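This report concerns only the one structure given below.
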Ligand code: C2E
Ligand code: MG
Ligand code: MG
């Protein structure tokens, strides 16, 4: 493929290219790999840097994509910020993963426009011919599905798996229903207590969203939060949840002293500067005292430190605690720890639940606790299901505990009762 294909072709032409490649493949042993890569933050880039600058940067990117693959492979631009990469002789699917990694590593995603550097956020999906697909349309559909699944999971790359098709489909359906859910009061917040590790005194609760759907019954947050995040409803959903939590915090009894509430925010929202404003507005609307709010963000929010570090730091300047959720499961690097804009690490429950039976997990937990303290952060363990785990965590110096052993997440009224009836047994 030569320079002219780096200019935009339409999807129909691209399908013909795939068809031709498939035909050629039928004569040889190897299979065909297709990667679809999309610049996820294209609209954002256009609005900041202008259409023309962004477009010329995309041409630039096409060129480096071209250089990252073999000579016989094809690189096609078939949408504004969308690229198709056809790998002509693939020995096995593993090679596709290697190729995708190479693309992510080697193509230049940083562009310099008028002295400002910005990063294009690539999301990629891929599939292999011979996966029951000798039809160009089907192979492109599979790669597009994998791309949507990658966006949903907030990862850079996924290889197609049949399970993604139904996942994307039900996500689409859910997306449509989220607006209605908010209007019809089907969404509410549950609260799961957090206690001190040394004397099990309540310090607050994590607010966890619940959707009671009229026909589907209870829809777990793990299903609809990623769908909302990939669609566009994560903002209304988050602002709703945050306002509900701040409002309800006012009705918690003061028996245990001032309590705080923790709200989960997805990495996508952390990259948006208006998070700070939204939290600030909600806090003054419900007169929430300083120091009573924690924002939980997963480690993935730290992967692109630029904007997100600034946002988290501004939150902290407002007196809002920042906790790094599911710590240990993400891909963040230790190098940022020196200036990590956080107050707390939250050890992922997958480590906590196994720490008593597996020395390896116990070591991970111990290491996280020491790491946190080394950098002046506090530590909370989630998923504490029994007394022995609670004791082991206290012995390791963990600061706070959360889990079924103390309480499951409860609706507001039950949480208030829990606070009234609770007697620390330590
Ligand atoms: P997360 O923030 O890591 O929340 C902890 C999850 O672990 C909750 O699941 C909680 O019910 C569960 N859990 C707590 N203690 C235990 C335990 O001892 N054992 C076991 N097996 N599980 C325990 P849940 O409520 O289903 O929430 C799942 C995830 O959905 C949350 O994980 C969070 O990432 C997301 N989520 C929930 N509410 C919100 C929200 O309002 N906004 C956003 N952005 N995400 C939310
Ligand atoms: Mg959380
Ligand atoms: Mg968690």
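Nothing in this text is a laboratory measurement; each read-out follows from the coordinates by a stated rule. What you see is a predicted model, and the numbers here were worked out from it, not measured in a lab. In this analysis, Cβ positions are derived from the backbone assuming ideal geometry, glycine residues included, and neighbour counts consider all displayed protein chains.
For region 238-323, what is the convex hull volume of the alpha-carbon atoms per residue, in Å³? The partial results should precede the final answer.
On the way: hull volume 6.6 nm³, N = 86.
Dividing the Cα hull volume of region 238-323 by its residue count gives 77 Å³.
Peptides 382-393, 90-101, ordered by how many other C-beta atoms sit within 10 Å of their residues on average, highest first, read 382-393, 90-101. Only helical runs count toward this figure. For the chain, summing -39,500 (n - 2.57) over DSSP H runs of n ≥ 4 and dividing by all residues gives -14000 deg cm²/dmol at 222 nm.
The simple Förster model, with R0 at 41 Å and r as the Cβ-Cβ distance, assigns residue 254 and residue 11 a FRET efficiency of 0.10. Projected over all directions and averaged, the alpha-carbon convex hull of region 257-297 occupies 2.9 nm². Relative intensity of region 11-161 on a log10 scale, I(q)/I(0) at q = 0.19, 0.21 Å⁻¹, equals -1.12, -1.34, per a Debye sum over C-alpha point scatterers of equal strength in the absence of solvent.
Here the chain yields Rg over Rh of 1.02, to two decimals, using C-alpha coordinates and the Kirkwood radius.
Sorting the segments 148-154, 233-239 by their mean number of nearby beta carbons within 10 angstrom, highest to lowest, gives 148-154, 233-239.
Plugging the Kirkwood radius over Cα pairs into Stokes-Einstein for region 266-367, at a temperature of 37 °C and a viscosity of 0.692 mPa s, what D comes out in µm²/s? Translational diffusion coefficient: 225 µm²/s. Give me the percent of DSSP beta bridges within region 171-421 that run antiparallel, rounded to the nearest 5. Looking only at bridges with both residues in region 171-421, the antiparallel portion is about 40 percent. With Cα atoms defining each centre, region 388-426 and region 182-250 are spaced 19 Å apart in the structure.
Note on the chain: GNM, Cα springs under 10 Å; of 320, 107, 178, the largest mean-square fluctuation is that of 107. Each principal axis of the Cα atoms in region 50-111 has its own extent, and those three values, largest first, are 42, 21, 17 angstrom.
Express as a percent, rounded to the nearest 5, the fraction of DSSP beta bridges in the chain (both residues included) that run antiparallel.
60
The distance between label points at residue 117 and residue 408 comes to 5.0 nm (points 7 Å beyond Cα on the Cα→Cβ vector). Cα-based values for region 189-296, radius of gyration first and Dmax second, are 14.7, 44 Å.
Springs between alpha-carbon atoms under 10 Å, Gaussian network over the chain: tell me which of 146, 413, 230 tops the mean-square fluctuations. In this elastic network of the chain, the residue with the biggest mean-square fluctuation among 146, 413, 230 is 413. Taking a ≥ b ≥ c as the square roots of the Cα gyration tensor eigenvalues, with a/c under 1.5 meaning rounded and otherwise prolate when a/b beats b/c, else oblate, which class fits region 301-426? Taking the square roots of the gyration eigenvalues as a ≥ b ≥ c, region 301-426 is oblate. Counted over all Cα-Cα pairs of region 171-421, pairs farther apart than 30 Å make up 25 percent. Highest mobility in the GNM of the chain, judged by mean-square fluctuation with C-alpha springs under 10 Å and restricted to 86, 285, 410, is found for 285. Each principal axis of region 119-250 carries a Cα extent, and these read 61, 38, 30 Å when sorted largest first. Axis of helix 221-230 versus longest Cα principal axis of the chain: the two differ by about 50°, to the nearest ten degrees.
Take every Cα pair under 8 Å whose residues are at least 6 apart in sequence, average their separation, divide by the length of region 171-421, and the relative contact order is 19 percent.
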